[in-house]
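Read through the structure below, which is laid out as structure tokens, and then see the notes.
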Amino acid sequence: GRGANFVDPEHGPVWATSHLGDQTIQMIGTDPEGHPDKAWKVVRTVDGQGGGSLFVKTHPKSKNLWVDTALNPAEAVSQSVAVFDINNFDAGYDVLPIADWAELGEGPKRVVQPEYNKAGDEVWFSVWN
């Protein structure tokens with residue numbers, strides 16, 4: 001995915017991206033005028049559920065960073081998402097069992113691509129089945 005832009009409480013404006021091959025999510029400073037010492041550098045790395053992430057998402061009206069892991073080989077991981085509080089990355093993340101909540105019956109499922117509605121007060125996911 002294209003990553004997510006938000007204001008990190010410690011580092012200022014950042015762009016976040018996940019790594020397909022491992023559990024890391026990295027934030028890169030994007031404000032060369034206001035935070036020149038952090039611009040275009042990795043300023044924060046956090047661990048998500050595991051590798052296989054395709055999309056991270058947030059919204060200007062949200063304090064959450066959502067991370068999918070649709071391509072992870074572990075069923076519990078590919079069928080859920082991690083959600084971080086962008087104001088408290090030290091707290092880790094909560095795991096939400098989106099595929100279970102979708103009640104799609106038996107068979108493999110993968111949860112992918114969090115997207116906000118226009119108002120920024122709902123997050124929607126695709127569930128592959």
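The numbers here are math on the coordinates, done by the rules we state, and not lab data. Small disclaimer: the values here were computed from a predicted structure and weren't measured. Cβ: placed from backbone, ideal geometry, glycine included. Neighbour counts: every protein chain shown.
What the table shows:
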| read-out | value |
| --- | --- |
| Signed unit charges on C-beta, dipole axis of the chain, positive-most listed residue SER126, ASN87, PRO108 | SER126 |
| Residue-span extension gain [HIS19 to LEU104] - 0.36 nm each, minus C-alpha spacing | 27.8 nm |
| Cα-projected label distance for GLN113 with ARG2, points at 7 Å along beta-carbon direction, nm | 1.3 |
| Full-extension gain in nm, LEU54 to SER126, via 0.36 nm per residue minus C-alpha separation | 24.7 nm |
| Virtual spin-label span in nm between GLU75 and VAL42, 7 Å along Cα→Cβ | 3.3 |
| Karplus-derived 3J(HN,Hα), 6.51/-1.76/1.60, for each residue of segment 113-121, Hz, glycine and proline x | 6, x, 9, 7, 6, 4, 6, x, 10 |
| Dipole moment magnitude, nearest 20 debye, segment 4-128 about Cα centre, only Lys, Arg, Asp, Glu C-beta charged | 280 |
| Of the trypsin sites (Lys or Arg not before Pro) in segment 70-126, those whose Cβ has at most 12 other Cβ within 10 Å and which sit in DSSP loop | LYS118 |
| Cβ crowding within 10 Å averaged over residues, with 2-9, 86-93 ranked highest first | 2-9, 86-93 |
| Residues of type lysines that LYS61 reaches as a straight line, Cα spacing below 27 Å, ignoring anything fewer than 8 places off in the same chain | LYS38, LYS41, LYS118 |
